[in-house]
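J.: Below is one structure. I have some questions about it.
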Amino acid sequence: METFDPADLPELLKLYYRRLFPYAHYYRWLNYGGVIKNYFQHREFSFTLKDDIYVRYQSFNNQGDLEKEMQKMNPYKIDIGAVYSHRPSQYNTVKLGAFQAQEKELVFDIDMTDYDDVRRCCSSADICSKCWTLMTMAIHIIDRALKEDFGFKHRLWVYSGRRGVHCWVCDESVRKLSSAVRSGIVEYLSLLKGGQEVRKKVHLSEKIHPFVRKSINIIKKYFEEYALVNQDILENKESWDKILALVPETIHDDLQQAFQKHHNSLQRWEYLKKVASKCQNNKNDKCGPWLEWEIMLQYCFPRLDINVSKGINHLLKSPFSVHPKTGRISVPIDLQKVDEFDPFAVPTISAICHELDNISTNGEEKEENKAEADIKRRTRDYKKTSLAPYVKVFEQFLEKLEKYQKGELLKKSDLQKDF
Amino acid sequence: MQFFGEKRRKLRLAGDQRSACYPHSLQFYLQPPSENISLIEFENLAIDRVKLLKSIENLGVSYMKGSEEYQSKLEAEIRKLKFSYRENLEDEYEPRRKDHISHFILRLAYCQSEDLRRWFIQQELDLLRFRFSILSKDNIQNFLKDSHLQFEAISDEEKNLKEQEITASSPSLTGTQMGSESIYKIPFADALDLFRGRKVYLEDGFAYVPLKDIVAIIQNEFRARLSKALALTARSLPTVQSDERLQPLLNHLSHSYTGQDYSTQGNAGKISLDQIDSLSTKSFPPCMRQLHKALRENHHLRHGGRMQYGLFLKGIGLTLEQALQFWKQEFIKGKMNPDKFDKGYSYNIRHSFGKEGKRTDYTPFSCLKIILTNPPSQGDYHGCPFRHSDPELLKQKLQSYKFSPGGINQILDLVKGTHYQVACQKYFEMIHNVDDCGFSLNHPNQFFFESQRVLNGGKDIKKESIQSETPQPKPSTQKTKDASSALASLNSSLEMDLEGLADYFSE
């Protein structure tokens, strides 16, 4: 794989936007079947250009317009915003107060940096295969809730390109949700309370809500390998002291002594569970299985940024955007293969451009009308690069969306028929 | 058009058209009324509803909401004013129609300011909550199903299937059994306050809400809708206010204390100044008794005290001349210069009698006004002793009045439970040595009047009928002058076209 050099971005992006960016799919998505007039035309995009120039309120008339502009401006980053009451590009011609954000997908942003207090392998913007499991668990937990509890059907999960994942919920009714309901959803999905000053962030009530129970069951599948082996959270005194901070003082001594005698995290965890089940519940600290779950949740449960999700006009990085620091493409994640997703296998822009070059030199050289040839080539091009499987995932997502839209249209027309 | 009523209308065409319009004793007031009524009826309906809402406010302060006393007194009040409250009663058409129309009229009056709106919404919410609380299980079902919310209870089979999940999710279901409680399946977004805190079971986009929690959801829905509607109505208000027939009435409604306001001068001149000292211990409520004592001792009262006490004195019958004499005599004892009194204080006294400035004849303060506004600070003697005094000092004062320890404790308990007016009623009973004061206290002058009645053996010194307890022919005559004079000049056959007003309520 070609190593990525940010200095190459201008050239690489030029090629990417001309030959590889999947405009047709992209437009299919954001146009949502053309059911609502001007839905695509009223959508805000923002571009980050070379030298960190940031432009907002970009909007486009159609797919062709979008392509042309993107190729012209060569954005380093693309963000997607809300669908507004008017064309965003004309917002300063609109009467004051009349220009309003009206609809947007419900989005989530899960960032590995928010787990720095509980991962020992990396910190800040770094990730590795050991801590990536946190994202795996987060996707399973959040996606299950979105699907089974809230009934959301069209959920697109995307790798952010560096240290996290995004989720776009695209159901028609969801796009219309108010800011209050969006906040409520994030609250429902949140279990950790308190920032750096708070040591113990999870407090379970006696009655365990099904959402919590099901989330714990998901974490249980990964906990041993992730926490006890890879993260080794009870490896030594320094690390297990952090766990002890989460359990009642009454059992500290017992655990400290016992831990010295055990050889690994697995043994120590088993012992901790045993002691917890025996100790008495007192006023502030619970014991028994609750204690075990509270620790597991603090170390593994997803951490959401409420600000990203609650605002209808919030801008979020677009799928298939390039990450300027890593060069990786923000690719969709196959929900059937979440456990196998490897962020380090995600193609970089330099890699796929390189792949493209190789194909071109080897491929056909039919000289038809240049424009036609360009289009033809482009529709084949991404398919022959490592980008292909990810576009396929996106395609499947779109097909499901479109099938549903067709079904809804049929239902509507059925209702309207007067007999 | 009322879509939700259509189905029922068709079923009941045979003979029951009227009740089909109002299938339930309570409603969300989604559709404004669209008939013609006379201006008199317009006014009467509105006034009755204001009376009802004020009662609700009073009861809410005097008793704990939802307690037996609260419920029974509120029901009595509603019934007395002939509004709807129960299902399954014979011929509820008139009360429900009255309820419907009067609600919309009051929207016009109470949309005008943030405070008015807040007050109106609060009382309407309490009314809704009460009506909902007395519905039977079946009636709840029907009401919810018929409403725009279309909440439906889930079948017993579904209940069994989901029992574990539902009981594990809802804090209001204590223990592990759901019992016979109904569970309602509603779209999750309609149960925001429940699901955000994970206090309800969610499945496939629906919240499974036990009956106990449904009330909260309905209230939130009602509040949100009414709030929005009032904001809309406020925008159309300038047009409404330009209607000469409505303007005085609407202003009067939102500013009045309906019921006896003790501003009438019917008893003016019946009190002489030398009676005041003895009256203060025998017939004054404790708030005025303490103000009088402070005035006598300090030969002075600050502004808050002068307002509260001065207007009270006017209400018991002091004339302007008497008032001027009274205050001047006392202030001079405090070494005040008579000229200074004339310059500084007499103007204010004349002002409060409506003889200066904008010449409003100020009405004596009601209990609620005294309890809820302008709390006293250091050096003040106004306010309500039960509300504003330190409990220890209150106890000492009651002991100095030679009350029995049992009675004092009763009073202190009531104060602790924030039932200030009931505590004052207890004071009344102890001062007069009666078991039951026989009235619901909401005004210091009412205290005085009732006290005089007891002491004078029922001899009524006032001309007009007063109490809202005694049945009276409607309409009540003690409205302020504005509305009466404005309407008196109108032909009673003038019709109020409510349909025209409907535009002010809709989007």
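The values are calculated or read from the model by the stated rules, or taken from the named source; none is laboratory data. For clarity, every value in this text was computed on a predicted model and none was experimentally measured. In this analysis, Cβ positions are derived from the backbone assuming ideal geometry, glycine residues included, and neighbour counts consider all displayed protein chains.
J.: Could you check the range B:197-213 and list, in sequence order, the residues that are more than 13 Å from chain A (Cβ to nearest Cβ), within 12 Å of residue B:159 (Cα to Cα) and out of contact with any Asp or Glu (no Cβ under 7 Å at 6 or more places or on another chain)?
T.: B:209
J.: Follow-up question, since we're still on this one. Could you count how many residues in the range A:152-198 are within 10 Å of another protein chain (Cβ to nearest Cβ) and within 27 Å of residue A:389 (Cα to Cα)?
T.: 3
J.: Output the residues belonging to the range B:204-215 that are crowded, with 16+ Cβ neighbours inside 10 Å and free of Cβ contacts under 8 Å to residues at least 60 places away in the same chain.
T.: Matches in the range B:204-215: B:205, B:206, B:207, B:208, B:209, B:210, B:213.
J.: Moving on to the next point. Say we look at the range B:144-180 and pick out the residues that are part of a loop (DSSP other than H, G, I, E, B) and within 10 Å of another protein chain (Cβ to nearest Cβ); which of these is surrounded by the most Cβ atoms within 10 Å (Cβ to Cβ)?
T.: Once the filter is applied, the top-ranked residue is B:170.
J.: Looking at (1) modelled with pLDDT of 95 or more; (2) buried (at least 21 other Cβ atoms within 10 Å of the Cβ); (3) away from chain B (no Cβ under 14 Å); (4) in contact with a helix residue (DSSP H, G or I) (Cβ under 9 Å, 6 or more places away or on another chain), which one does residue A:103 not meet, given that it meets all the others?
T.: Against the list (1) modelled with pLDDT of 95 or more; (2) buried (at least 21 other Cβ atoms within 10 Å of the Cβ); (3) away from chain B (no Cβ under 14 Å); (4) in contact with a helix residue (DSSP H, G or I) (Cβ under 9 Å, 6 or more places away or on another chain), residue A:103 comes up short only on (2).
J.: Residue B:172 is checked against (1) among the hydroxyl-bearing types (Ser, Thr, Tyr); (2) over 17 Å from residue A:188 (Cα atoms); (3) at pLDDT 90 or above and fails just one. What number does that condition carry?
T.: Checking residue B:172 against (1) among the hydroxyl-bearing types (Ser, Thr, Tyr); (2) over 17 Å from residue A:188 (Cα atoms); (3) at pLDDT 90 or above, the one that fails is (3).
J.: Then there is this: When the range B:183-196 is examined, which residues are found to be of a type outside the set (D, E, K, R) and either touching a Cys at 6+ places or on another chain (Cβ under 6 Å) or more than 7 Å from chain A (Cβ to nearest Cβ) (or both)?
T.: B:183, B:184, B:186, B:187, B:191, B:194
J.: Does residue A:197 count as among the acidic types (Asp, Glu), in contact (Cβ under 8 Å) with a residue 12 or more places away in the chain and farther than 13 Å from residue A:299 by Cα?
T.: No; evaluated as a whole, the condition is false for this residue.
J.: Do we have any residue at all in the range A:63-81 that's within 14 Å of chain B (Cβ to nearest Cβ) and either crowded, with 18+ Cβ neighbours inside 10 Å or hydrophobic (A, V, I, L, M, F, W, C) (or both)?
T.: No, every residue in the range A:63-81 fails to be within 14 Å of chain B (Cβ to nearest Cβ) and either crowded, with 18+ Cβ neighbours inside 10 Å or hydrophobic (A, V, I, L, M, F, W, C) (or both).
J.: Restricting the search to the range B:388-411, which residues are hydroxyl-bearing (Ser, Thr, Tyr) and more than 26 Å from residue B:377 (Cβ to Cβ)? Spell out how you get there, then give the answer.
T.: Start the filter on the range B:388-411 by keeping residues that are hydroxyl-bearing (Ser, Thr, Tyr), which leaves B:389, B:400-401, B:404.
If the condition is that a residue be hydroxyl-bearing (Ser, Thr, Tyr) and more than 26 Å from residue B:377 (Cβ to Cβ), then B:404 is the only one that fits.
J.: Hey, another quick one. So, of the residues in the range A:209-234 that are assigned to a loop (DSSP other than H, G, I, E, B) and touching a residue at least 40 places away in the same chain (Cβ under 8 Å), which turns out to be farthest from the other protein chains (Cβ to nearest Cβ)?
T.: Going through the qualifying residues, I end up with A:232.
J.: Is it the case, given these coordinates, that residue A:238 is over 24 Å from the mean Cα position of the chain (by Cα), closer than 27 Å to residue A:127 by Cα and either away from every other protein chain (no Cβ under 14 Å) or aromatic (Phe, Trp, Tyr) (or both)?
T.: Judged against the criteria, residue A:238 is a match.
J.: I'd like the full set of residues that are surrounded by 22 or more Cβ atoms within 10 Å (Cβ to Cβ) and in a helix (DSSP H, G or I), limited to the range A:168-181.
T.: A:174
J.: While we're on this one: Among the residues of the range B:155-191, what is the count of those that are over 15 Å from residue B:213 (Cα atoms) and among the hydrophobic types (A, V, I, L, M, F, W, C)?
T.: Result for the range B:155-191: 1.
J.: Then there is this: Out of curiosity, is residue A:148 out of contact with any Ser or Thr (no Cβ under 9 Å at 6 or more places or on another chain), within 13 Å of another protein chain (Cβ to nearest Cβ) and of a type in the set (Asp, Glu)?
T.: Working: out of contact with any Ser or Thr (no Cβ under 9 Å at 6 or more places or on another chain): yes; within 13 Å of another protein chain (Cβ to nearest Cβ): yes; of a type in the set (Asp, Glu): yes.
Spelling it out, residue A:148 is indeed out of contact with any Ser or Thr (no Cβ under 9 Å at 6 or more places or on another chain), within 13 Å of another protein chain (Cβ to nearest Cβ) and of a type in the set (Asp, Glu).
J.: Look at the range A:38-95 and say how many of its residues are part of a helix (DSSP H, G or I) and not small (Gly, Ala, Ser).
T.: Number of matching residues: 18.
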